[in-house]
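Note sheet for the following structure.
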Amino acid sequence: MAIPTILAGQRQPAAGRPGDGGIGALCALAGAEPRSFIDNLDWEVSSDLTLIDAIDAGDGIADPFQSSGWLRAWLATIGAARKVRPAVVCGRFGGVALLVVPLAIEGRGPFARARFLAQDVSDYNEPLFHRELRPHVTAALMGALWQKAATLVAADFLTLGKVPLDAVEPSTGRRLRHCVEEFERSHWLAVDGPWQLSEDRFFGASSRNSLQRKEKKLAKFGRLAFRPLDAADARAAATARLVEWKAVQLAHLGAANRFRDPAFTGFLDRLARDGDPERYRLYALTAGKELLAVTLMICGARRWFLYQTAYHDGEAGRFSPGLLLLRHILRQAHEAGVDAFDFGLGNEGYKQRFCDRQVVLYRVSLPITLRGHVAVLAAGAVAWARDLVRARPALRRLALSVLRRLAPPRG
């Protein structure tokens, strides 16, 4: 059920508040006096995602995961399965949206929890900030914003994951309350210089010779081709193969397998069929009519995100089709003039080969009601146990061994 719109009166700049042309001055106030900044805004809570399209957002790392297209695909699939209620919190000044926090309210037993919309499928989660406000965002402002959002939505607690922020306030040296570091970080490559220099860096002479031999092996299956997929039917078919390959791979590893979840696979299918093919690009490596590897990229003007990739699980998979496809995509990113190629969340070893930057991510757990305090304590204990297993190789190997035994046989 959609929540009603709650709208404070649209006030014009008045005495004691920044006047005409004062958006820049008010945004500058956000860094020095975050609570005063919050108090100067008019607030609205709505289920209407068009609030997201209305903001003149700056170039935030999480913006592609907070776009209305991404969130609508999630709400139509995963959100519908979970029966969540969207609650989009918007702060305005003089009618101009300065920040938007897309939240989802969902039931957790007797509790109502607020999270970012599509938090589970997004590599990064944070509010959308107006381009004049973004340079002034600090940990103190984020803390004040969480408190304000908590008073506006009908939830017992907030659990905000994978938040890319500097959680230490420079003026005090103190960590933001209710905030802990996530176990995994995200990794990305600063794209600088021509492709030839990067290719020499990542694919030396020996590596290029090896890949050339593998291309010859793959050519036996048909003529090799690298191409983006634009037609909806071709994109949907490639996405279905990606899901199939990933599901088998993760089942074999004994890892958590969301590729067997119809809601998640429906989300990917929705992006493939209805998403903007320029924003959600599907790249394929084919041999004749045979699909060898497919990668879903999220492409912005300055930053590309590698979201999902998979490759053939038969004989062709022995000849590194995924790596060959990645090399083509990296070259495309260089030629497009992007600043960053983001490999996303996870501490996989292969990312060390390509990435020269990382982002520390945080989890914010903020109780609102008395019941919310109980829920946050319980959730914190579960998160501590999960991170303990991840951080101890012996425990992780034992857990994966058990999961492999429980997984269905391949084929």
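One table, with the values for the structure above:
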item	result
Computed over segment 192-338: relative contact order in percent, which uses C-alpha pairs under 8 Å that are six or more apart	26 percent
Hydrodynamic radius (Kirkwood) for segment 192-338, which is based on Cα pairs only, to one decimal in Å	16.0 Å
Added length on full extension, which subtracts the Cα-Cα distance from 0.36 nm per residue, L211 to E33	58.5 nm
Ranked packing of 214-225, 138-149, most packed first, by mean Cβ within 10 Å	138-149, 214-225
Charge context of D200, other residues only, Cβ under 14 angstrom, K/R +1, D/E -1	+3
Volume of the Cα convex hull of segment 306-352, divided per residue and given in Å³	91 Å³
Theoretical FRET efficiency, 1/(1+(r/R0)^6), r = Cβ-Cβ of R131 and D274, R0 22 Å, to 0.05	0.20
Cα→Cβ-extended label distance, 7 Å offset, between A336 and H252, nm	3.0 nm
Additional length obtainable on full extension of the chain from S47 to A76, 0.36 nm per residue less Cα span	9.1 nm
Relative packing of peptides 360-369, 42-51 - highest average C-beta neighbours within 10 Å first	360-369, 42-51
Within segment 189-229: backbone nitrogen closer than 18 Å to the D59 label point (7 Å, Cα to C-beta)	189-194
Spin-label model distance (nm) - E181 vs K289, 7 Å beyond Cα toward Cβ	5.3 nm
Per-peptide average of other Cβ atoms within 10 Å, ordering 114-126, 295-307 highest first	114-126, 295-307
Cβ-derived FRET efficiency at R0 51 Å, H328 paired with Q147, nearest 0.05	0.65
Separation between Cα centres of segment 72-111 and segment 20-41, rounded to whole Å	24 Å
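Values quoted throughout were computed directly from the atomic coordinates according to the rules given, and no laboratory measurement underlies them. Given the structure is predicted, the values throughout are model-derived calculations rather than measurements. Using ideal geometry, Cβ is built from the backbone for each residue, glycine included, and neighbour counts are taken over all protein chains shown.
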